[in-house]
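Please treat every number below as a calculation from the coordinates, not as lab data. The structure presented is a predicted model; accordingly, all values stated were derived computationally and were not measured. A quick note on method: Cβ atoms are made from the backbone with ideal geometry, for glycine too, and the neighbour counts reach across all protein chains shown.
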Amino acid sequence: MAKYGMLIDAGRCTGCGACRIACQMQWQLPPEIAYNRLEHREKGTYPKVKWEITPVQCQHCDNPPCLHVCPTGATYKRSDGIVLIDHKKCIGCKYCMVACPYGARTLDHEKMVPEKCRFCADYVVQGQQPPCVSTCMNEVRVFGDLEDPNSKINKLLATGSVYQLLPERGTQPRIYYVKR
Amino acid sequence: MPKFSRRTFLKMAAATGAIGSMPVYLNRNKFLEAAEEASIEKVPTLCNGCSNMCGMFVHVKNGRVWKAEGHPIHLKSRGRLCARGHGTVADIYNPHRVTQPMKRVGEDRFEPITWEQAYQEIGQKLMKIVDEHGGNSVVWMEHGTRGKQYADILLDYIGSPNYITHYATCFTSKTNVWPKMVGTTLYGDHENADYMLFVGRNFAGGIIPNGMNKVLKAKERGAKLVVVDPRHCELAIQADEWIPIRPGTDLAFFLALAHVLITEKLYDVQFVRQYVSGFDEFWQANKNCTPEWAEKITSVPADKIREIAREMAAKAPRAFLETGYHGLNAHYQNSVQQAQANVVINALLGNMFKVGGLLPAASLELGQLDKPVPPAKEKGPRVDGAGEEGPYATVEPGRGIPQLVPKLVDEGKVKAVFIYHYNPLRTGPDPEYQKKMKDAELVVSIPIDWNETSYHTAHYILPESFFLERMETPVNVNGHITHLSPQIAYRAKVVEPVHDTRSLLEIMQGLAKEIGASKYFDFTVEEEAEAMVAPLGITMEELRQAGCLEFPATVKTGFPMSALGKPSLATPSGKVEFSVGVYKANGFSGVPRWIAPKVMPEKDNEFRLIHGKQPWHSHHITSNNPYLMAISETYNGTWAWMNSQRAKQLGIKNGDKVTIASDLAQKQVQVKVTELLHPDCIWIPSAYGGFSPKAEVAYGVGVNYNDFLPMQVEPIAGSVMGQEVIVTVRKGVN
């Protein structure tokens, strides 16, 4: 059984937004609903300054707070590690939005469901790459099977220095970030 | 073949409830409902999100466009697309397209008419104008140059020399200079370079996905990337160093780089001796341009200039100064000299025609359909004066001077204006001035959407089919990035037109019938395409299936030499010419020499207004795209950037509303207070300031630099000098 994960080399990101809209097209989302976002930071003062961009999306945590607070079991975790929402069970209470420390949930006002990145669950099982990965000119994201010792993501994880977002929250994210 | 799962797709559609009566391809929810069982067709075509024409596969389901992905072979995309590529594909279902031919019946009023009525009325008016005022009174303006092959037939038929492109607002200095100095245009071999200097060129803003990928590949290999720009542009995020420069002074920076290369004998003496003419003239004119001199002008420390020159020379010939695009080449009074100095730096590095330096574009000679041509008609001088004896003798006649057209209408010299895929009211200087075009006897716009030019000036609007709804003739895949092997690709028709729109060729055929020119348009785009690829030994069917085909390498490294062993560039001497004879003959300096910007900010509240391409917009053309504008909304993309120290002095805080004013306009905008900008300037993205009420997504959002910019003509290349404008900024909106 695959265990899907992602490695994000945020230092390569130049903020073009292709990941956002490729995802929107893939899932046919309306313009205002996005499953990933970029966080912009300026570090330093002119002229010695850095502009840092960090892509953020659902971290597909192994200990997902959104799942724990869901009163109906609408949020569930597949055995391959992907966290999904069963729309049929969702009552739109938004507890998951509050519980997620990454702000990864976005309310789809049309459907009244707090939506989020799906790790392209239907497609990756067929061996496809999520479009946020495949469309990126800077190759910011690497997606793959954390159980497969030969996967590109595992090789990169073995060689590089990585960190995770908010490790102190104990969420055990499935997304790793390359240290700048 | 991928299938949507019932869980994800049907639920999405069901949860939304109401589904209207629109056809399935127009309604996203209905599409999702129907998507379950449909198979997917993947059609290769070329993107229209900007002018780079990246190869893409468009996925079609139930006759509806679903999504796009980059073509894996195509040199420019290599499997990847930027945001505007994805957004442009979605735009086929934009509700603000022009859906059928329109005739103006009032200041803000249009009525739908049939194509036949449009052709008849336009044809009659056009021939009356030609009879009474001559072909010279007719102008064809377009972004350029996709409509040229058909525009030329019309212009030849009526006897008009007036084909005009948008280049004056973009890169006209570069296209003027390079053929004269080098006989061709060369591009950086990013992938193999060891040192890349980008000045006023944001590879991560004006995007070729594979271009950016090549830069990062070079960096992984250890190449150095230095970005000089008043704004810490997106490319600078990847740079080893960002060096802010006072806007308008890049020429001084280049002249000082040359000074270091020459005085410290770091330049490629052998290359210059063999392949350059005019070196002495250049040096005599510029020997006082020391780094210390340049520091005062540019605000770049003299030691930094020395360091860059030395490091580049150490890495030469695998080092280059990026040859540029929009940034710098239509912006200043000294833009032409700046483009000349770019050639000089690269020649001093001896990098031309070398791997890791600069290389020519790979291309193949395409065939041409044998068809009757209109009888030769005497054409008068170009109405804009481009390339004619007089003040604009050195301006390329193939590009023209679009910003003069409203004035020429006002003076009664231009009576009919055709505008194809072009929006000078928003992308040219001074929109109120541009509106004068409406006073011509005939104004025909051929757009996709309700752009400002169509809404405010057109008498007739003839909507062109969207790029996914029409086929175009094959093209060589090249420009801005390098590749030894040529590629051929073409824009295929992916789906049937959603609305009552037509391709440009069909529009021209309809018009031709009314003016007796049918026999010169008696061909199909398929016939043209077949004739074009015939010499390559392929058929259109093969190209249709592949989308993009690559051929054996045509680019040879090494300086072009004649059979007699002499340099054989297409210049008078066959060498790189540091001094341009044509400029000299017209009273300009042959070699580049320092010219100050036309205007400078002086007072505490004055700034130079500069602009640039946001990574998810193609200047203004994408501004009515709901997906791309949603990105702007999310990231405060419409805000004007201001250096934090200047903001502090003016009491301005992040997010404050300010009033920006020039002699022409006074507009309100929110401010991003930032460390990422030179103190002398305000930066605004070029995407905003829509003022066509029918383009509802763009309407009234943000401001545009052209609001503040007076109509000007740079004398050598004819550019608009888009950053020669000083604005005052004050807090508040009253």
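For this structure, a couple of remarks:
- The tail of the calculated P(r) for segment B:606-731 beyond 17 Å holds 56 percent of all Cα-Cα pairs.
- Treating each Cα of segment A:4-178 as one equal point scatterer and applying the Debye formula with no solvent, the log10 of I(q)/I(0) at q = 0.11, 0.14, 0.19 Å⁻¹ comes out as -0.47, -0.76, -1.39.
- Nonlocal amide H pairs with residue A:13, under 5 Å, H built at 1.01 Å: none
- Ordering B:72, B:637, B:237 by the projection of their Cα atoms onto the charge dipole of the protein assembly as shown, which places +1 on the Cβ of Lys and Arg and -1 on the Cβ of Asp and Glu, puts B:237 at the extreme positive end.
- For segment B:230-273, the alpha-carbon coordinates run over 38, 23, 15 Å along the three principal axes, in decreasing order.
- Unit charges on C-beta of K, R, D, E only; dipole of the protein assembly as shown, Debye: 2480 debye
- Across B:128/B:438; A:152/B:217; B:648/B:672; A:43/B:672; B:613/B:731; B:180/B:584, pairs whose alpha-carbon gap is larger than 21 Å: B:613/B:731
- GNM top mover of A:45, A:72, A:135 - chain A, alpha-carbon springs below 10 Å: A:45
- Cleavage-rule hits, GluC sites (Glu not before Pro), segment B:37-88, DSSP coil, Cβ neighbours within 10 Å at most 12: B:37
- Dipole of segment A:8-49, positive end: most advanced residue of A:22, A:34, A:45 [Cβ charges, Cα centre]: A:45
- FRET efficiency, residue A:159 to residue B:538 (Cβ-Cβ, R0 56 Å, nearest 0.05): 0.80
- Student exercise, segment B:364-413 dipole from Lys, Arg, Asp, Glu Cβ charges, in Debye to nearest 20: 140 debye
- For segment B:585-677, the set of GluC sites (Glu not before Pro) satisfying both a DSSP loop assignment and a count of at most 13 other C-beta atoms within 10 Å is given as B:602.
- Each Cα pair of the protein assembly as shown feeds into the Kirkwood radius, which the Stokes-Einstein equation turns, at 10 °C and 1.306 mPa s, into a diffusion coefficient of 55 µm²/s.
- What the phi angles of segment B:488-496 give under the Karplus curve with 6.51, -1.76 and 1.60, with θ = phi - 60°, is a coupling list of 10, 9, 8, 8, 8, 6, 9, 9, 5 Hz, glycine and proline written as x.
- Order of A:125, B:260 - criterion: other Cβ atoms within 10 Å of each residue's Cβ, fewest first: A:125, B:260
- Unit Cα scatterers, Debye sum, segment B:601-663: log10 I(q)/I(0) for q = 0.12, 0.29, 0.30 Å⁻¹: -0.40, -1.29, -1.33
- Radius of gyration and maximum dimension Dmax of segment B:335-376, Cα, Å: 18.6, 50
- Across all C-alpha atoms in segment A:78-180, the radius of gyration and Dmax reach 15.4, 44 Å.
- Rounded to the nearest 20 debye, the dipole magnitude of chain B is 1560 debye, with +1 charges on Lys and Arg beta carbons, -1 on Asp and Glu beta carbons, and the Cα centre as origin.
- Ranked for footprinting exposure by Cβ neighbours inside 10 Å, fewest first, B:384, B:500 give B:500, B:384.
- Computed on the Cα atoms alone, the convex hull of segment B:186-360 gives a volume of 104 cubic angstrom per residue.
- Gap separating the Cα centres of segment B:698-716 and segment B:599-648, nearest whole Å: 13 Å
- When the Cα atoms of segment B:382-530 are aligned to their principal axes, the ranges along those axes come out at 44, 41, 31 Å in descending order.
- For the options A:48, A:152, A:111, a Gaussian network treatment of chain A with springs between C-alpha atoms closer than 10 Å singles out A:48 as fluctuating the most.
- Under 12 Å, Cβ to Cβ, from residue B:193 - net charge with Lys/Arg +1 and Asp/Glu -1: +4
- Hull volume in cubic angstrom per residue (convex hull over the Cα atoms of chain B): 170 Å³
- Options B:198, B:539, B:568, ranked by Cα towards positive dipole end of chain B, top entry (Cβ charges): B:198
- Cα centroids of segment B:318-352 and segment B:120-149: 36 Å apart.
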